[in-house]
Amino acid sequence: MKELWGDHRQTSRTAAEKADFFRQSKYAMFIHWGLYSQAGNLWNGVQYHGISEWLMRCREIPVRDYERLAAEFNPTAFDADAWVALAREAGMRYVVFTAKHHDGFALFKSSHPYNIVDATPFGRDPVRELSEACRRAGLGFGVYYSQFQDWHEINGWDPVDGKTPFEAYFEGKCLPQIRELLTQYGPLSMIWFDTPGTMTAEQSRRIVDLMRELQPNALTNSRIGNGVGEYATLGDHELPVRRIDGLWETIDTTNDTWGYSRSDSNWLDDGEILRRLIGVVARGGNYMLNVGPDSFGVIPPVIAGALRRAGQWLARHGETLYGAQPSPWEFAQTWGDCTRQGSRLYFHLFDWRPGAVVRCYGLRAAIRSVRWRKASEEGERPAFRQNDGWLEISLPLGCGTEPVEVLELETEGEAGAESRRGVDSESPTRLDAEFAQLRGCTLESFSWMEKFGEWKHRKAVACWQWDGEAAWEVAVAAPGLYKAFITYCDPCHRAWELRTDEAERIVFWARDAESRGEVKRFVAFPAGVLEFHTSGNHRLALTPVLSDADPGTAPGLTVAAISLQPYNVNQLTTTVNPNPPET
Ligand code: JFZ
């Protein structure tokens, strides 16, 4: 499947006003709906698992057999205004709908006969109805179009007319349908392209030129291929750990499939939706979250409810996200995440306890005021202090009722932040691989599927030499003992060492955390208790322990993070403890 991704992340510059629409929006609804929704991953009486929109390809269903779904497709409950109303209640600012996915079936009236109006008893045009509903609701509207993969014509297991060369498909179906979408459905916010595969730069450029000619205000994402997109689409479900500059988005599913599947009810809840949305905005991106309506045209009620509850939070606190700048820090905090609007910072608390101390290191700005955002009243003003680079905010004893509480800070001027990571004295602190200084080892990007189409992405330190070292520069809030956990996989069953600049060291044995093929099974293992004798700046270094038992083999360990959990701290005290080491 990766061979279909092509050059899918590079982008080119875009006009300011188009970029501004994207930056202001932050949150959008992705909708995958088509003949695969009719099947719901059930085929010939067998229930399959994985992303359901790939059923035809995964099960090698001949075109003629798959077409039978069109004859049955009659989603009588489809109501464009209801879908758009949900997007609006969810706090989403635009909708992107699958006009044609890889199966080649068009969800709009196309001159190509394999379309919902001409080939189904339903006989209506959802692209038209959704574009009009979005305009009525004041939401942007875009379409997903699979410009390279088309299993009904060229990439099919049993193509109708044998192997059509891509150029013939490109000229005969792809460009004509893109032109139909650009000329018959009103203003589009974007066309969202996918899996450019082996398209040439000239072919990608021709699509972009057509868009600029017909709809110059419509954006193009990076999966148009060949670096000519205007904003970057990360890997599916990719939640970046480090801030990313420029225009970009994370796309995500509300369960584990894009298209509707009868066997997938692994729904996100409202808290998870908000934490992912906030985390992506805090790193500088947009979050486009998918729903997969069923064969009747109904968005599963469980996830619709979660989206509405998250939307109620956004109705109270959305100004902390829409149009916000990323966190001054490159990374998330132990207690949650931060966004910025000019000289105002918003601390989003994902997990907190009444009376807890919210602590962060390295803010380069004086704080004028701190207010706990309460929808009902002016909000309480927690006590705070800044000292030695640390900001400490003492939460009142009152209990909050929000899935995410928000502190609003006024700063003297625009806040910046140190790259050095603070080690909290009362909550676990995670040091991610991406922030390590490396020698004799490298930062690698891993992507794998848990089950088909359920992509996971992780950066980790690997390819170690014997003199290799991964080191983190930290600022320790308080001296004392900290229990270290190492999140890793692929161990070579040997000793490793974690050492501080005060010559404190622990040695641990890398035990089994076997991955299976490309599937990386990262596990947080306890490594030992480490002491910092002083607060302030320290250096933590991870290295393989050389022993005569291993003269030839290179040390192997794929390290994703180190977590430092205060030891002996009474976890029942008023501490914020949102990031327990991963398990
Ligand atoms: C593609 C489609 O194949 C899939 O069905 C769904 O529509 C998804 C949104 O997009 O899947 C991809 C494409 C690219 C990557 C991962 C999954 N990628 O670049 O990591």
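A short reminder: the numbers here are calculations on the coordinates, not readings from a lab. Nothing here was measured: the structure is a model prediction, and the numbers come from that model. Heads up, the Cβs are rebuilt from the backbone with ideal geometry, glycines too, and the neighbour counts pull from every protein chain shown.
Points worth noting:
- Spatially proximal lysines relative to K18 (Cα-Cα < 22 Å; intrachain offsets below 8 disregarded): K26
- Shape of the chain, Cα gyration tensor, a/c cut at 1.5: prolate
- For V476, distant residues with modelled amide H under 5 Å away: V423, G536, N537, H538
- Residue pairs exceeding 21 angstrom between C-alpha atoms, taken from K100/K520; K2/K520; K100/K459; K2/K451; K456/K483: K100/K520; K100/K459; K456/K483.
- With Cα atoms as the point set, the stretch 158-301 shows a radius of gyration and Dmax of 17.6, 49 Å.
- Rounded to the nearest 20, the size of the Cβ-charge dipole of the chain about its Cα centre is 760 debye, with Lys and Arg at +1 and Asp and Glu at -1.
- Quotient of C-alpha Rg and 2.2 N^0.38 Å, computed over the stretch 376-503: 1.43
- Entry note, the chain: the mean residue ellipticity at 222 nm calculated from DSSP H runs of n ≥ 4, each adding -39500 (n - 2.57), is -5500 deg cm²/dmol after division by the residues and rounding to the nearest 500.
- With the convex hull of the Cα atoms taken as the outline of the stretch 4-71, the averaged projected area works out to 7.4 nm².
- E405 long-range amide H proximity, modeled H, under 5 Å: L349
- Pairwise Cα inverse-distance average, inverted: Kirkwood Rh of the stretch 237-342 (Å): 14.6
- Here, the stretch 202-270 yields an orientationally averaged convex hull projection of 7.0 nm² when only Cα atoms define the hull.
- Looking at the chain alone, DSSP beta bridges between its own residues are antiparallel in about 70 percent of cases.
- Sparsely packed GluC sites (Glu not before Pro) within the stretch 8-77, loop by DSSP, other Cβ within 10 Å at most 16: E60
- Each of A524, V476, T558 was placed along the dipole of the stretch 471-563 (beta-carbon charges, centred on the mean Cα), and the one lying farthest toward the positive end is A524.
- Packing-based ranking of 318-327, 204-213 yields 318-327, 204-213, ordered from highest to lowest mean Cβ neighbour count within 10 Å.
- Cut-off under 5 Å, modelled amide H: who pairs with I299 long-range: D294
- The phi torsions of the stretch 57-67, fed into the Karplus equation with coefficients 6.51, -1.76 and 1.60 and a -60° offset, translate into couplings of 6, 5, 9, 6, 7, x, 3, 4, 6, 5, 4 Hz, rounded to whole numbers, with Gly and Pro shown as x.
- Summary of the geometry: the stretch 448-514 and the stretch 241-279, compared by the centres of their Cα atoms, lie 27 Å apart.
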